[in-house]
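Here's the structure we're looking at; comments come further down.
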Amino acid sequence: MQETIFMKKALALAAKGKGRTSPNPVVGAVVVKGNRIIAADYHRKAGSPHAEILALKKAGARAKGATLYINLEPCCHTDKKTPPCTKAIIKAGIKKVVTGMLDPNPKVCGRGLRDLRKAGIETETGIMEKESKKLNEVFIKYITQKEPFVFLKTAQSLDGKIATSKGESKWITGYHARRYVHRLRNEVDALLVGIGTIKKDNPSLDCRIKGGRNPYRIIVDSGLEISMNAKVLKHDDQKTIIAASGSADRKKCELLRSRGVRVLFVKTIHGRIDLKALMRELVRSDITSVMIEGGSSINASALSGGIVDKVLFFIAPKIIGGADAIGAIGGKSPASLASAVQINDPEFKKIGKDFLIEGYI
């Protein structure tokens, strides 16, 4: 029971780093002595001190003989900007280290705890392992598969419509659901939409919560059809990326680049950007998580392209109706229900007047 209490604290601290530590994991550390927390902290951003280092510094000499709770195995390698945490833990005189999970990074995976045991430190792992893995699901995919973790988010009516037959979609869901989405934007590395969404809605694709930060903005636009007056091009943070085909207009490409926009030439399949290839391009820039916020066409392409890891369907308690209204997922229907996309481990929550169903592909 005590171990669970302290690990919950470590997980809660780690969650504060969401959206800030990429491409590193989110990690919280709690130093306990005599069943009392004497120091705690979390990793704030890549290149800065890790959670263990910050917590041990706060504890000072009191760390000797204490137990350290961490949601992720401490690092032991030197192939990074910061020194190994295992050395600092040993030097501090920590008696026991309890972790939520092993580090999936092959450079660490089990080696960190092994080094601690060699130094005479007792170790235990697997405390709240499921929760620890869920918290770092983005990092796990990034470090093991070298691909971003992809969320597919959509807002729809009870009958699965994202817009009326005339394209009206603002606002299907209410204020609280929209605020929740902005919190999600604050936690992911990038948003992704198709050129159709840019043309229809002209979104800014920014984060509008206090203390939030804008993610990268990815526009799938094979022919570089985007208007130079689009709101998404008015940001001056150089975080707008357009995925275009190799045959796109080079003059417009240079014009966009002069505005601080990065243009990526990505291979196409039947005239459409290969989203799987795009994900491999994005991960080279340490973009570890992408949230798709497009329309029915890009949603269908993402699912058929096999890039989606998790879906988030915001459902408003209203019925739009009509066979000509726009559904959440475009493309062709499967021939049989056996070919339907199965959602695993679904969770349900109420947000304001709306509902959120999320689960894994």
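The values are calculated or read from the model by the stated rules, or taken from the named source; none is laboratory data. Source: prediction; values computed, not measured. Cβ coordinates were reconstructed from backbone atoms using ideal geometry, including for glycine residues, and neighbour counts include every protein chain displayed. Only protein heavy atoms, including side chains, enter the accessible area calculation; ligands, DNA and RNA are left aside. Shrake-Rupley method; radii C 1.70, N 1.55, O 1.52, S 1.80 Å.
Hey, what do the phi angles of the range 87-98 turn into as Karplus ³J(HN,Hα) couplings, whole Hz, using 6.51/-1.76/1.60 and θ = phi - 60°, x for Gly and Pro?
5, 5, 5, 5, 4, 6, x, 4, 8, 9, 10, 10
Roughly how far apart, in whole Å, are the Cα centres of the range 277-310 and the range 225-264?
19 Å
Pop a pseudo-label 7 angstrom from the Cα along the beta-carbon direction at both Glu347 and His176 and give the gap in nm to one decimal.
Placing both labels 7 Å beyond Cα along the Cβ direction yields 1.7 nm.
Out of the total accessible area of the chain (probe 1.4 Å, heavy atoms of protein only), what percent is carbon and sulfur?
Working: 9140 of 17630 Å².
Roughly 52 percent, rounded to a whole number.
Using θ = phi - 60° and the Karplus relation 6.51 cos²θ - 1.76 cosθ + 1.60, list the HN-Hα couplings for the range 272-283 in order, rounded to whole Hz, with x at every Gly or Pro.
Along the range 272-283, the couplings run 10, 4, 6, 5, 5, 5, 4, 4, 5, 5, 5, 5 Hz.
Please state the charge dipole magnitude for the range 185-334, taken about the Cα centre, from unit charges on C-beta atoms (+1 on K and R, -1 on D and E), reported in debye and rounded to the nearest 20.
Working: 24 positive and 16 negative charges, 43 e Å.
Dipole size: approximately 200 debye.
In percent, how large is the relative contact order of the range 73-196, given Cα pairs closer than 8 Å and 6 or more residues apart?
Details: 113 pairs, mean separation 21.7, N = 124.
Relative contact order, the range 73-196: 17 percent.
Considering only protein heavy atoms, with the full assembly of protein chains and a 1.4 angstrom probe, order Tyr216, Tyr180 by accessible area, largest first. Could the numbers behind the result be given before it?
Details: Tyr216 75, Tyr180 45 Å².
Ranked list, largest accessible area first: Tyr216, Tyr180.
Amide H neighbours of Asn71 under 5 Å, at least 5 residues apart or on other chains, H built in the peptide plane: list them.
For Asn71, whose amide H was placed from the backbone, the distant partners under 5 Å are Gly28, Gly100.
In debye, nearest 20: dipole of the chain around its Cα centre with unit charges on the Cβ of K, R (+) and D, E (-)?
Numbers: 63 positive and 35 negative charges, 258 e Å.
Value, rounded to 20: 1240 debye.
Starting from the range 106-163, pick out the trypsin sites (Lys or Arg not before Pro) whose DSSP state is loop and whose Cβ has at most 16 other Cβ atoms within 10 Å. Numbers along the way, then the final one.
Working: sites: Lys107, Arg111, Arg114, Arg117, Lys118, Lys130, Lys133, Lys134, Lys141, Lys146, Lys153, Lys161; in loops: Lys107, Lys146.
Within the range 106-163, the qualifying trypsin sites (Lys or Arg not before Pro) (loop, at most 16 other Cβ atoms within 10 Å) are Lys107, Lys146.
At 222 nm, what helix-only mean residue ellipticity would the chain give, in deg cm²/dmol to the nearest 500, using -39500 (n - 2.57) for each DSSP H run of four or more?
Details: 11 runs with 102 residues, N = 361.
Computed ellipticity for the chain at 222 nm equals -8000 deg cm²/dmol.
Spelling out what I want: for every residue of the range 328-344, take phi, set θ = phi - 60°, compute 6.51 cos²θ - 1.76 cosθ + 1.60 (Karplus), and round to whole Hz; glycine and proline get x.
Here the 3J(HN,Hα) series is 5, 10, x, x, 9, 6, x, 5, 8, 5, 4, 9, 5, 6, 8, 9, 9 Hz.
Excluding Lys130 itself, what net charge comes from residues whose Cβ is under 14 Å from its Cβ, given Lys and Arg +1 and Asp and Glu -1?
Its environment carries a net charge of -2.
With a cut-off of 8 Å between alpha carbons and a minimum separation of six or more residues, what is the relative contact order of the range 22-66 in percent? Before the final figure, lay out the partial values.
On the way: 70 pairs, mean separation 16.8, N = 45.
Worked out over the range 22-66, it gives 37 percent.
Under a 1.4 Å probe, what is the accessible area of the chain per residue, stated in Å²?
On the way: 17630 Å² over 361 residues.
Accessible surface, normalised per residue, equals 49 Å².
For Leu13, what charge total do you get from the other residues with a beta carbon under 14 Å from its beta carbon, if Lys and Arg give +1 and Asp and Glu give -1? Don't skip to the end; give the middle numbers.
Numbers: positive: Lys8, Lys9, Lys16, Lys18, Arg20, Arg44, Lys58; negative: Asp41, Glu52, Glu131.
Combined, the nearby Lys, Arg, Asp and Glu give +4.
List the residues, sorted by chain then number, that are 5 or more residues from Val220 or on another chain and whose placed amide H is less than 5 Å from its amide H.
Long-range HN contacts for Val220: Val193, Gly194, Ile195, Ala243.
What figure, in Å² to the nearest 10, do you get for the accessible area of Thr4 with a 1.4 Å probe and non-protein molecules left out?
Roll a 1.4 Å probe over it and Thr4 shows about 50 Å².
Lys and Arg at +1, Asp and Glu at -1: add these up for the other residues within a Cβ distance under 12 Å of Ile172 and post the number. List each step's numbers first, then the result.
On the way: positive: Lys161, Lys170, Arg178, Lys318, Lys353; negative: Asp159, Glu168, Asp354.
Every neighbour counted, the sum reads +2.
Over the alpha-carbon set of the range 57-162, work out the extent along each principal axis and list the three values in angstrom, largest first.
In descending order, the Cα extents are 60, 26, 23 Å.
Leaving ligands, DNA and RNA out of it, rank Ser227, Ser222 by accessible area with a 1.4 Å probe, largest first. Don't jump to the answer; show the numbers that get you there.
Values: Ser227 60, Ser222 35 Å².
Sorted by accessible area, descending: Ser227, Ser222.
So which trypsin sites (Lys or Arg not before Pro) in the range 266-357 are both in a DSSP loop and have at most 12 other Cβ atoms within 10 Å of their Cβ?
Details: sites: Lys267, Arg272, Lys276, Arg280, Arg284, Lys310, Lys318, Lys332, Lys349, Lys350, Lys353; in loops: Lys267, Arg284, Lys318, Lys332, Lys353.
Passing sites in the range 266-357 are Lys267, Arg284, Lys332.
Over the range 1-122, what is the relative contact order in whole percent, taking alpha-carbon pairs under 8 Å and six or more residues apart?
On the way: 253 pairs, mean separation 25.7, N = 122.
Once normalised by length, the contact order is 21 percent.
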